[in-house]
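Mind having a look at this structure? Questions to follow.
The values are calculated or read from the model by the stated rules, or taken from the named source; none is laboratory data. Model, not experiment: these values are computed from the prediction. When we count neighbours, we look across all protein chains shown, and the Cβ atoms used for this are built from the backbone with ideal geometry, even at glycine.
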Amino acid sequence: MKNKIAVLVTLVGAVSLAGCSSAPKREAGILCPAVGAAFGGILGGGGGAVGGGIVGAIVCANPDQDKDGVVNDSDMCPDTPVGTEVDESGCAVVEEVMVEETVVEEVVEEPMVVLPIIPQGCEQYVTVDGDKITGFATILFGFDKDQYADTEQGKIDCIADVVIANDLTVDAVGYTDSTGPSDYNMDLSKRRADNVVKALMAAGVPASETLEEAKGEMAPATTNETEQGRAHNRRVEVRVY
């Protein structure tokens, strides 16, 4: 019976020491030895009291207040909730969350450049600047003729195809060389321009998209002092608006 009482007292003392060890450090330094001495005295008299006090002081020398496995002297977070996973400093383990940085590349859309439509075989008769048609090859005429030569029909056909394909508005400007009276040359240049406009319309160019103008012997393309120069001045220019 005495042994049972001793065991019971021992268990109660252990629980008490454990409880006082979780007290604040300053209080634990007083309570633990006192509790140890009290229970030691019950078990073994005066000698037991001394021994119990020593044991209590040892138990509480460096208590673990928040029961996280890290003693108070090393515990940087002494009030960690029970059950919290802690590191060696007694503080809660923080899981690193990897945040993937998404880089959104700004796409600058280049303005769409629509190139002019040039039918195959017509490139030599068309003048292009970037994405715009700026002019056509001149249509040449014989001396004192208001009808162009048969060799010029390919130019007429290509000019008509390009005007239609690109929805252009054009005018035909007639010229002559300096041979003959200026009034006569003005009328001749008008007839030349008129015949080119009729040819374009016959090839499918709408009448609303063509104009004509006469300039006679004014504004020669080259010199009128040579036969070759005068041949180049007898012409119709198809201009793009």
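Go through (1) under 30 Å from residue 114 (Cβ atoms); (2) of a type in the set (A, V, I, L, M, F, W, C); (3) out of contact with any helix residue (DSSP H, G or I) (no Cβ under 8 Å at 6 or more places or on another chain) and name the single condition residue 126 misses.
Here residue 126 meets the rest and fails (3).
Matching residues to (1) assigned by TED's automatic domain parsing to the domain that holds residue 153; (2) touching a Lys or Arg at 6+ places or on another chain (Cβ under 6 Å); (3) surrounded by 13 or more Cβ atoms within 10 Å (Cβ to Cβ); (4) under 30 Å from residue 139 (Cβ atoms):
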| site | (1), (2), (3), (4) |
| --- | --- |
| 77 | no, no, yes, no |
| 83 | no, no, no, no |
| 97 | no, no, no, no |
| 100 | no, no, no, no |
| 105 | no, no, no, no |
| 114 | no, no, no, yes |
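Can you tell me which residue in region 176-205 is surrounded by the most Cβ atoms within 10 Å (Cβ to Cβ), limited to those that are over 14 Å from residue 141 (Cβ atoms) and among the hydrophobic types (A, V, I, L, M, F, W, C)?
200
May I ask you to list the residues in region 164-193 that are more than 59 Å from the chain's Cα centre (by Cα), over 17 Å from residue 212 (Cα atoms) and not in a loop (DSSP other than H, G, I, E, B)?
182, 183, 184
Of everything in region 206-241, what is assigned to a loop (DSSP other than H, G, I, E, B) and under 55 Å from the mean Cα position of the chain (by Cα)? Give them in sequence order. Spell out how you get there, then give the answer.
Taking region 206-241 and keeping what is assigned to a loop (DSSP other than H, G, I, E, B), we get 206, 215-226, 234, 241.
Correct list: 206, 219, 220, 221, 222, 241.
Filtering region 206-223 down to residues that are touching a helix residue (DSSP H, G or I) at 6+ places or on another chain (Cβ under 9 Å) and more than 19 Å from residue 146 (Cβ to Cβ), which residue is surrounded by the most Cβ atoms within 10 Å (Cβ to Cβ)?
Only one residue tops the list, namely 209.
I'd like to check something: does region 147-159 contain any residue that is in a loop (DSSP other than H, G, I, E, B), more than 30 Å from residue 73 (Cβ to Cβ) and assigned by TED's automatic domain parsing to the domain that holds residue 234? Write out each step before concluding.
To start, the set of residues in region 147-159 that are in a loop (DSSP other than H, G, I, E, B) comprises 147, 149.
Applying the additional criterion that residues be more than 30 Å from residue 73 (Cβ to Cβ) yields 147, 149.
Subsequent filtering for residues that are assigned by TED's automatic domain parsing to the domain that holds residue 234 retains 147, 149.
The answer is yes, given that some residue of region 147-159 is in a loop (DSSP other than H, G, I, E, B), more than 30 Å from residue 73 (Cβ to Cβ) and assigned by TED's automatic domain parsing to the domain that holds residue 234.
Scan region 118-137 for residues that are free of Cβ contacts under 8 Å to residues at least 24 places away in the same chain and on the phi > 0 side of the Ramachandran plot and jot them down.
Passing the criteria: only 130.
Identify, by number, the condition in (1) outside any loop (DSSP other than H, G, I, E, B); (2) more than 21 Å from residue 219 (Cα to Cα); (3) in contact (Cβ under 8 Å) with a residue 60 or more places away in the chain that residue 140 doesn't meet.
Every condition holds for residue 140 apart from (2).
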